[in-house]
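**Student:** This is the structure I have questions about; it appears just below.
The values are calculated or read from the model by the stated rules, or taken from the named source; none is laboratory data. Everything numeric here is computed off the predicted structure, so don't read it as measured data. As a convention, Cβ positions derive from the backbone with ideal geometry for all residues, glycine included, and neighbour counts pool all protein chains shown.
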Amino acid sequence: MLFLLNDKLFNLNREDLSPQVIERRFASVSFGYVQQLGQELFSESPVMQRVHPEQGAKLAALISAKSPEINAALFVAPSQRCKPAQVGVRFASIDVVVMARLHTAEIRGNLDAATVDREVWRLLAA
């Protein structure tokens, strides 16, 4: 399953997201806590998805585990080491056709923040 975190696609392992695994590992974690965790990670490193992709993949998996209909998240920090509450957050459920276009762009080396913004976030704002 593909998950878009800012401008990076992560291919999440379906087995790690099975209802049994989610219930056992993440039952006590709320969606609000996951969002706060993301804000903390991005306040420390505004391009965390690029410089720490393993953390990005784990965050994407947590978001998906807690809210399976979400397959995209945008965390925008105004500066490095800002307060976590200053990090803007958006979540989305992206159509499979759009996700396929993004995946093709990634394979070709053309996936960047401008492409993701044009294909996903600006359309959702309209």
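**Student:** Which residues, taken from the range 41-60, are under 9 Å from the mean Cα position of the chain (by Cα) and either buried (at least 20 other Cβ atoms within 10 Å of the Cβ) or within 17 Å of Ala92 (Cβ to Cβ) (or both)? Walk me through it before giving the result.
**Tutor:** First pass over the range 41-60, keeping only residues under 9 Å from the mean Cα position of the chain (by Cα): 49, 56-57, 59-60.
If the condition is that a residue be under 9 Å from the mean Cα position of the chain (by Cα) and either buried (at least 20 other Cβ atoms within 10 Å of the Cβ) or within 17 Å of Ala92 (Cβ to Cβ) (or both), then Gln49, Gly56, Leu59, Ala60 are the ones that fit.
**Student:** Tell me which residues, restricted to the range 113-126, are assigned to a helix (DSSP H, G or I), farther than 28 Å from Tyr33 by Cα and either without any contact (Cβ under 8 Å) to a residue 12 or more places away in the chain or in contact with a Phe, Trp or Tyr (Cβ under 7 Å, 6 or more places away or on another chain) (or both).
**Tutor:** Residues satisfying the conditions are Ala114, Arg118.
**Student:** Within the range 38-84, how many residues are in a helix (DSSP H, G or I), closer than 21 Å to Leu2 by Cα and not polar (S, T, N, Q)?
**Tutor:** Adding up the residues that qualify gives 18.
**Student:** How do the pairs read when you match residues in the range 92-106 that are without any contact (Cβ under 8 Å) to a residue 40 or more places away in the chain and under 9 Å from Glu119 (Cβ atoms) with residues anywhere that are of a type in the set (S, T, N, Q) and surrounded by fewer than 16 Cβ atoms within 10 Å (Cβ to Cβ), using Cβ under 8 Å and keeping only pairs 6 or more apart or on different chains?
**Tutor:** From the range 92-106, the pairs are Ala105/Thr115.
**Student:** Please verify whether the range 90-112 includes one or more residues that are farther than 17 Å from Asn11 by Cα, assigned to a helix (DSSP H, G or I) and not acidic (Asp, Glu).
**Tutor:** Scanning the range 90-112 turns up no residue that is farther than 17 Å from Asn11 by Cα, assigned to a helix (DSSP H, G or I) and not acidic (Asp, Glu).
**Student:** Kindly indicate whether any position in the range 15-30 is in contact with a strand residue (DSSP E or B) (Cβ under 7 Å, 6 or more places away or on another chain) and at pLDDT 90 or above. Steps first, answer last, please.
**Tutor:** Step one: filter the range 15-30 for residues in contact with a strand residue (DSSP E or B) (Cβ under 7 Å, 6 or more places away or on another chain), giving none.
So far as the range 15-30 goes, no, none of its residues is in contact with a strand residue (DSSP E or B) (Cβ under 7 Å, 6 or more places away or on another chain) and at pLDDT 90 or above.
**Student:** Can you find, within the range 69-91, the residue that is nearest to Tyr33 (Cα to Cα) among those that are more than 16 Å from the chain's Cα centre (by Cα), loosely packed, with under 13 Cβ neighbours inside 10 Å and without any contact (Cβ under 8 Å) to a residue 40 or more places away in the chain?
**Tutor:** Filtering first and then ranking leaves Arg81.
**Student:** Moving on to the next point. Can you find, within the range 94-125, the residue that is modelled with the highest pLDDT among those that are among the aliphatic types (A, V, I, L, M), under 21 Å from Val47 (Cα atoms) and loosely packed, with under 15 Cβ neighbours inside 10 Å?
**Tutor:** Ile107
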